[in-house]
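Comments concern the structure below.
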Amino acid sequence: MDSKNTNDWLFEITPKNKFFSLNFKEIWQYRDLLMLFVKRDIITVYKQTVLGPLWYLIQPLFTSITFTIIFNNVAGIKTGSIPPFLFNLGGIMVWNYFTACLNGTSDTFKSNASIFGKVYFPRIITPLSIVISNLIKFGIQFGIFIFFYILFYFRGADLSLNISILFFPILISFMGILGLGLGMMISSMVTKYRDLNNLIGFGVQLLMYISAVMYPMELIKEKLPKFGWIVEYNPLAYVIETSRYMLLNIGSISILGLLYTAIITLTVFFVGLLVFNRTEKSFIDTV
């Protein structure tokens, strides 16, 4: 037998001894599996539902209508020349992408334990697939936003675009990476503390109210100056505020705020990846 053939392996699986590991080459080798997980996340969730993918559209539309009635009509929050419904839809659309990434990745180990225990593949593929599949859902919701933008424009609303909209994909990537990092951290802790899952939904709801989703950042500083720092130190608020500036030309862009957001996002992602890599070695014994 030729010794060369016995020593040339197509793939080599070795223990992960590095403190920090993100093997892009290995992820690329398993790209077909990644796309399979993405397809699973998109199709199977609403496969046996009556409305199917229409739920992607119903949720942001009804939430925007509710916010418009409660916060704009009842509470009297002003949105300038921008229609309140469009103002709320822009913020909710971006916020939904973050929460979908966070909620989906925060249950990675528990929901995929049966797969992880049977076959090897880079575990990071599962949370990555959730971020990518939610990006497709975000694209559907963004299409709805464009539809209403054009509708309000032809009805005489004072709407205009600016050159900063070209950087909108980078802004959305911040939300995806931040949701991925936080989700990996929570997923690692859920393997030992199951009741943490019960706090995620409640925590996300509270987080939404301090992330400037349904109001401008300047309003909270004006109305509640003592508590304005809570919003100012929230990186999600800068993403929401900047996205509305890019899409609706309302509000302002804080360069320092975006720099702060970028630092927090990368820090959370790397810490989440470290915790995720450490947990994947022994989680099967505790799940």
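What list of ³J(HN,Hα) values in whole Hz, one per residue of segment 202-212 in order, does the Karplus curve 6.51 cos²θ - 1.76 cosθ + 1.60 (θ = phi - 60°) give from phi, with Gly and Pro shown as x?
So the J values, rounded to whole Hz, are 5, x, 5, 4, 5, 4, 4, 6, 10, 10, 6.
Can you give the Rg and Dmax of segment 37-285 based on its C-alpha atoms, in angstrom?
Cα radius of gyration and Dmax of segment 37-285 are 18.9, 62 Å respectively.
Using a simple spin-label model with points 7 Å from Cα along the Cα→Cβ vector, what separation in nm is obtained for K226 and D158?
The two pseudo-label positions are separated by 3.5 nm.
Mind listing the phi-derived Karplus ³J(HN,Hα) values for segment 92-109, rounded to whole Hz, using 6.51, -1.76 and 1.60 with θ = phi - 60°, and x for any glycine or proline?
5, 4, 6, 4, 4, 5, 4, 5, 5, 5, 5, 5, x, 7, 6, 10, 4, 5
Calculate one ³J(HN,Hα) per residue across segment 243-260 by plugging θ = phi - 60° into the Karplus curve 6.51 cos²θ - 1.76 cosθ + 1.60, and present them in order as whole Hz with x for glycine and proline.
So the Karplus estimates, Gly and Pro as x, are 5, 5, 5, 5, 8, 10, 6, 10, x, 8, 10, 9, 5, 5, x, 5, 5, 4 Hz.
Considering the dipole of the chain built from charges on the beta carbon (Lys and Arg +1, Asp and Glu -1) around the Cα centre, which of Y120, L266, F168 is farthest to its positive end?
About the Cα centre, the residue reaching furthest to the positive side is Y120.
Is there a pair in K78/K223; K25/K110; K39/K137; K78/K226 whose C-alpha atoms are over 18 Å apart, and which pairs would that be?
Going by Cα-Cα distance, K25/K110; K78/K226 fall outside the 18 Å limit.
With +1 assigned to the C-beta of every Lys and Arg and -1 to the C-beta of every Asp and Glu, and no other charges, what is the dipole magnitude of segment 64-183 about the Cα centre in debye, to the nearest 20?
Using only the charged Cβ atoms, the result is roughly 240 debye.
Quick one, can you get me the convex hull of the C-alpha atoms of segment 62-107 expressed as volume per residue in Å³?
In segment 62-107, the Cα hull volume divided by residue count equals 72 Å³.
Determine the calculated [θ] at 222 nm for the chain from helices alone, applying -39500 (n - 2.57) to every DSSP H run no shorter than 4 residues and normalising by the residue count; nearest 500 deg cm²/dmol.
-20500 deg cm²/dmol
Charges only on Cβ, +1 for Lys and Arg, -1 for Asp and Glu: so what's the dipole of the chain about the Cα centre, in debye to the nearest 20?
That gives a dipole near 300 debye.
Laboratory data are not the source of any read-out in this text; all were calculated from the coordinates shown. It should be emphasised that the depicted structure is a prediction, and the values quoted were computed from it without experimental measurement. Please note: Cβ atoms are built from the backbone with ideal geometry, for glycine as well, and neighbour counts cover all protein chains shown.
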